[in-house]
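Here is the structure we will look at, set down as structure tokens.
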Amino acid sequence: GSPEWGVVPARQALPVPRATPDIVALLTSGLTASIALEVAGQLKSGDTLLVTAAAGGTGQFAVQLGKLAGCHVIATCGGPDKARMLKALGADRVVDYKTEKLKDVLKKEYPKGVDVVYESVGGDMFSAAVDALAPRGRLIVIGMMGSYAEGWPASNHPGLAEKLLWKSAAVVGFFLLRYPHHFRPHLQRLIQLLDAGKLQVSIDPVKFVGISSVPAAVERLYSGASVGKVVVQLANDVPLPPRQQQAGGAPASRL
């Protein structure tokens, strides 16, 4: 089941300036993108970065952090609404997999390959990304959304070791809870970027309220229909982000 609250030692808790949906998104999706790109992907200015499922909860942060780092960003998504969102976030090339084949786009437009891949889909998307890696490229596996609904069956990628060897490339798995020492500094930086208006948080427009709505929220997430971060709010009212309060929104209420 899904608990409404939990108790943890104070030393394990992360201080946040406010309990709002945008801050909640930073705690998991934002931290995953920030730490994975910097630590696992060793992203640097001038790199070409490919972000799959870029209109999702964590992909949107990878796109923006890549641009802030001075990278050329390729973003994949499914559908025109998601494509528009990604263009607004600054993606240099948006690939809608419903109308274009990623493999063909990468082969034609990026013949030198991509330096870093932020991959969360798996299957054919993973294979296309591996084939497109530049020499000494880094592919970060942060998830396998394409197979979760099927029970997460074992994947099979013949020739993977040989491809990596030939390119001196790397595939790195990333699981956020393995990097606890990076949480505080990265969260502080993300909040600073958010409050300075340099980072946007896209929240899925479908509203889920109450613990009983968790299954429906998860179903929307796995369906691929969500645009941005899917958030379940446990209270009927939540505080507004500071910019919305300044714009004349309703007074903030407590969670």
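Miscellaneous remarks
- For segment 115-128, the set of residues classified as over 9 Å from T52 (Cα atoms) and among the aliphatic types (A, V, I, L, M) consists of V116, A128, listed by residue number.
Per-residue answers, yes or no, for (1) open to solvent by less than 10 Å² (accessible area, probe 1.4 Å); (2) modelled with pLDDT of 95 or more; (3) part of a strand (DSSP E or B):
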| site | (1), (2), (3) |
| --- | --- |
| P3 | no, no, no |
| R11 | no, no, no |
| T28 | no, no, no |
| G56 | no, no, no |
| D81 | no, no, no |
| L86 | yes, yes, no |
| Y118 | yes, yes, yes |
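- Check on F174, crowded, with 19+ Cβ neighbours inside 10 Å and of a type in the set (F, W, Y): yes
- From the options L164, L194, residue that is open to solvent by 30 Å² or more (accessible area, probe 1.4 Å), out of contact with any Gly (no Cβ under 8 Å at 6 or more places or on another chain) and among the hydrophobic types (A, V, I, L, M, F, W, C): L164
- Within segment 122-140, if we keep just the residues that are aliphatic (A, V, I, L, M) and surrounded by fewer than 21 Cβ atoms within 10 Å (Cβ to Cβ), the residue that is nearest to G173 (Cα to Cα) turns out to be V130.
- Helices (runs of 4 or more DSSP H) contained entirely in segment 151-234, each with at least 3 residues that are free of Cβ contacts under 8 Å to residues at least 24 places away in the same chain and either small (G, A, S) or farther than 20 Å from P21 by Cα (or both): 160-167, 214-223
- Just one of the numbered conditions (1) under 30 Å from K108 (Cβ atoms); (2) open to solvent by less than 60 Å² (accessible area, probe 1.4 Å) is not true of D204: (1).
- Exactly one residue out of T76, T58, T20 is touching a strand residue (DSSP E or B) at 6+ places or on another chain (Cβ under 6 Å) and within 23 Å of V230 (Cβ to Cβ): that is T76.
- Flag if V206 is within 18 Å of A55 (Cβ to Cβ) and either of a type in the set (A, V, I, L, M) or in contact with a Phe, Trp or Tyr (Cβ under 7 Å, 6 or more places away or on another chain) (or both): yes
- Among residues that are at positive phi, part of a loop (DSSP other than H, G, I, E, B), open to solvent by 50 Å² or more (accessible area, probe 1.4 Å) and without any contact (Cβ under 8 Å) to a residue 40 or more places away in the chain, G70 is not included.
- Failed condition for K98, given (1) in a loop (DSSP other than H, G, I, E, B); (2) basic (K, R); (3) in contact with a helix residue (DSSP H, G or I) (Cβ under 7 Å, 6 or more places away or on another chain): (3)
- Per the conditions (1) assigned to a loop (DSSP other than H, G, I, E, B); (2) within 18 Å of the chain's Cα centre (by Cα), the sole criterion not satisfied by M125 is (1).
- Flag for S45 being open to solvent by 10 Å² or more (accessible area, probe 1.4 Å) and free of Cβ contacts under 8 Å to residues at least 60 places away in the same chain: yes
The values are calculated or read from the model by the stated rules, or taken from the named source; none is laboratory data. Keep in mind the model is a prediction, meaning the values are calculated, not measured. Counting neighbours? That spans all protein chains shown, and the Cβs are built from the backbone with ideal geometry, glycine included. The area values use the complete protein model at the heavy-atom level, side chains included, leaving out ligands, DNA and RNA. Shrake-Rupley method; radii C 1.70, N 1.55, O 1.52, S 1.80 Å.
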